[in-house]
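Visitor: The structure follows.
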Amino acid sequence: MNPGEMSFDEWELTLTAFQIAYGFLSKAFYEEPHADLMEALVDGDLFSEWPLSRTEPATDFGLSLMQDFRTQWNRELLPDLRWDYTRLFIGPGHVLAPPWESVYRSRERLLFDQATLDVRQAYARFGLQAPRLNHEPDDHLGLELAFMFHLCHLGVQAAQDNDRAALDLTLAAQRDFLDEGESDILTDNIPNGGVHSTRTAHFGPDGMLYVAAGSSSNSGVESDRRRAAILRFNPDGTRPPDNPFVDDPEETRRPVWAEGLRNSVDFLFLPDGRLWADHNGSDMLGDDIPPEEIVIGVEKGKHYGWPYCYTPVEGAVPAGTQDVHDERVPFDQWLGDCSQSTPALFTDLAHQAPLGMALYNQTAFPPEYQGSLFVAYHGSWNSSVPRECKVQRIVVQDGMPVSSEPFVTGFRGSDGEQCGGAWGRPAGVAVGANGELFVSDDQNGNIYRVVYTGGQ
């Protein structure tokens, strides 16, 4: 948060929205559900003006669940809701979701650990202390959210008073509190090196950490099964017991969620929980083979072909399509034939190099863009027919990709220029809170902002 970038009025509106959100979440975590809280949730307009970006899959998924709850709520559900709250945060028996920060930041999962003392000091700087000091850890998530509520309240007051120094102080306190403490290594169970070095990580709607690790070569069977795969970990870095290969004799395969993905530079979770990833196909097979697998529907335990097979279709892939064999790589114990490979959902011309991807779920663009998938095409570097570096729009209908069209172009000096020598190469895309599209360019370190101007 940089106060200089916004007016006092803008900060007042923004911090008020965050204050409302923090206040609700604080009560949801710290108080046993009661009728007044539920009625306020159902009757209010809290989620239509939620201050966090709906472009984050976890945020969007959570808000969708809350909206569904609002439509189903009645007072007869209150006893079940109270039981759920008790079972999650109190007991009896093993607490399913301990509501204290120190449990998650301490490798020993200890209460009243250093994190608790750090939080206590943060409260004290503003004249506050936990209500049950020394009887309950200060770092209860409900109390921490209440503290953020308090800081937002102070920020609103400072903005109303046009007090820049006080506003700076409260914003810095929020930033420090959210970023407090040193970073911890969650897991080092991720392979390094090789020709594909990106390691993209996202938390899924199930709360698990998903990590994409590219292959070590252009084409060849990996000795480390964590390569050319999407891995899945518990938030603390351990292996979940429901991973598909958790008991595999090959130890490196145990964190794998899905495999046969040569280089999935990016992936995302849809509002309905499905996982979509892109995939850079092998080189050295010609200008048109294999087509780039732009959208892959990643599912637990499935193999997506590389380095043995690839999807031969260009565009939307019909149901029942079978991958074809890359003759350079014989079948073995990891894949016996292409019928065991899962085809992509949508492909494009070879050598497009899809990297970052983002699902558009804002309203600033025209209605026909809602639900579209935007993908950064890095473009070709070695094809005899150069492929364009651009941002491509993938049209999604009824939850499936059906067609595509260029969205942002002009990064090359001419159609005959390889993107390796172009003045710009899109690498990442992200949807902003105001509905704009941000595009990163790793050729020259720029970020571009794309806005809709109503056809002007």
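Visitor: Roughly how many nanometres apart are two label points built 7 Å out from the Cα toward the Cβ at Gln340 and Asp247?
Guide: 1.9 nm
Visitor: Whole number please: convex hull volume per residue of the Cα set in segment 81-163, in Å³?
Guide: 118 Å³
Visitor: Here is a follow-up. For the residue pair Asp161 and Arg199, what label-to-label distance in nm results when each label sits 7 Å from Cα along the Cα-to-beta-carbon direction?
Guide: Result: 4.7 nm between the two label points.
Visitor: Positive end of the dipole of the chain, charges at C-beta (+1 Lys, Arg; -1 Asp, Glu), about the Cα centre: which of Leu261, Gln370, Pro343 has its Cα farthest in that direction?
Guide: Result: Leu261, furthest along the dipole toward the positive end.
Visitor: Any idea what Rg and Dmax come out to for the chain if you just take the C-alpha atoms, in Å?
Guide: 24.6, 72
Visitor: Next up: By how many nm would the segment from Val451 to Asp168 lengthen if fully extended, with 0.36 nm per residue of separation less the alpha-carbon distance?
Guide: 98.9 nm
Visitor: Now for a different question. Based on the Cβ-Cβ distance of Asp179 and Glu327, what FRET efficiency does E = 1/(1 + (r/R0)^6) give at R0 = 56 Å, to the nearest 0.05?
Guide: That gives a FRET efficiency of 0.60.
Visitor: Given +1 on the Cβ of Lys and Arg, -1 on the Cβ of Asp and Glu, and no further charges, what dipole in debye does segment 3-178 carry about its Cα centre, rounded to the nearest 20?
Guide: That gives segment 3-178 a dipole magnitude of about 580 debye.
Visitor: List the residue ranges in the chain for DSSP H helices whose C-alpha atoms run 24 angstrom or more along the long axis and whose Kyte-Doolittle average is 0.5 or above.
Guide: Correct list, ordered by number: 141-160.
Visitor: While we're here: Can you give the convex hull volume of the alpha carbon atoms of segment 328-386 per residue, in Å³?
Guide: 158 Å³
Visitor: Follow-up. Hey, got the dipole for segment 87-236? About the Cα centre, +1 on K and R Cβ, -1 on D and E Cβ, debye to the nearest 20?
Guide: I would put it at about 500 debye.
Visitor: Here is a further query. For a test of the definition: using alpha carbon positions, the gyration tensor, and the 1.5 limit on a/c, classify segment 311-445 as rounded, prolate or oblate.
Guide: oblate
Visitor: Provide the net charge surrounding Tyr85, with neighbours chosen by a C-beta distance below 11 Å and charges set as Lys +1, Arg +1, Asp -1, Glu -1.
Guide: -2
Visitor: Could I ask something else about it? Given the Cα-Cα distance of Asp283 and Trp423 and 0.36 nm per residue of separation, how much length would full extension add, in nm?
Guide: 48.1 nm
Visitor: Can you grab the distance from the C-alpha centre of segment 305-352 to the C-alpha centre of segment 76-130, Å, no decimals?
Guide: Measuring centre to centre over Cα atoms gives 48 Å.
Visitor: Run the dipole for segment 181-253 about the Cα centre, Lys and Arg Cβ at +1, Asp and Glu Cβ at -1, nothing else charged, and hand back the magnitude in debye, nearest 20.
Guide: The dipole of segment 181-253 has a size of about 320 debye.
Visitor: Also, I was wondering about something else. Nearest 0.05, what FRET efficiency do Ala124 and Met66 give at R0 = 35 Å with Cβ-Cβ as r?
Guide: Plugging the Cβ-Cβ distance into 1/(1 + (r/R0)^6) gives 0.55.
Visitor: Let me ask another. With a cut-off of 12 Å, note down the residues of segment 273-316 whose backbone N falls inside the zone around a label point 7 Å from the Cα of Met400 toward its beta carbon.
Guide: 316
Visitor: If you take the square roots of the eigenvalues of the alpha-carbon gyration tensor of segment 199-450 and sort them as a ≥ b ≥ c, do you get rounded (a/c under 1.5), prolate (a/b over b/c) or oblate?
Guide: Oblate, because a/c is 1.5 or more while a/b does not exceed b/c.
No lab work stands behind these numbers, since they all come straight from the coordinates. Remember, it's a predicted structure, so these values are computed and weren't measured experimentally. Glycine gets a Cβ as well: all are built from the backbone with ideal geometry, and neighbour counts include every protein chain shown.
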